[in-house]
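Shown next, in structure tokens, is the structure this report addresses.
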Amino acid sequence: MTESEFLAAAEAALGKIETALEQAADHTDLDVECSRSGNVLEIEFVDNGSKIIVNSQAPMQELWIAAKSGGFHYRQKGGSWLNTRDGSEFFAALSGMISAQGGVPIVL
């Protein structure tokens, strides 16, 4: 994958997360605020003050997540972002992390 292809894919993933969380905040009890600075998306849970940080790492062609449950790296393979250690899928894993930290079941 070229750098420009990676950047486009990473941007699409971050945009999908922002859109899904805006919709979830409108239709559920999830109280989150998203802020974006370049390739870094900060998800803050208003009720408990915890955060999840999602960012893209262009040199490694990975998406990284930092959450209460730990730090995770995902690389695109076959059209999906997969964990470099256990093969779990990015959006499924992030949904679980957001659900755990936000106290509301969320599926991205």
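Key figures
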quantity: Å² per residue, accessible surface of the range 43-108 at 1.4 Å; calculated: 51
quantity: Estimated [θ] at 222 nm from DSSP helical runs (n ≥ 4, -39500 (n - 2.57)) normalised by residues in the chain, nearest 500; calculated: -12000 deg cm²/dmol
quantity: Rg to Rh, two decimals, where the range 1-88 supplies the alpha carbon set and Rh follows Kirkwood; calculated: 0.98
quantity: Highest-fluctuation residue, Gly87, Gly78, Gly96 considered, GNM on the chain with Cα pairs under 10 Å; calculated: Gly78
quantity: Share of carbon and sulfur in the accessible heavy-atom surface of the range 24-108 [1.4 Å probe, %]; calculated: 49
quantity: Rounded to 10°, Cα long-axis angle of helix 3-27 versus longest principal axis of the chain; calculated: 10
quantity: Nearest-ten-degree value, helix 90-102 long axis tilted from longest Cα axis of the chain; calculated: 20
quantity: Amide H partners (placed H, <5 Å) of Gly103, local residues excluded; calculated: none
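The values are calculated or read from the model by the stated rules, or taken from the named source; none is laboratory data. Here the structure is a predicted model, which means the values were calculated and not measured. Surface accessibility is based on the protein's heavy atoms, side chains included, excluding ligands, DNA and RNA. Shrake-Rupley method; radii C 1.70, N 1.55, O 1.52, S 1.80 Å.
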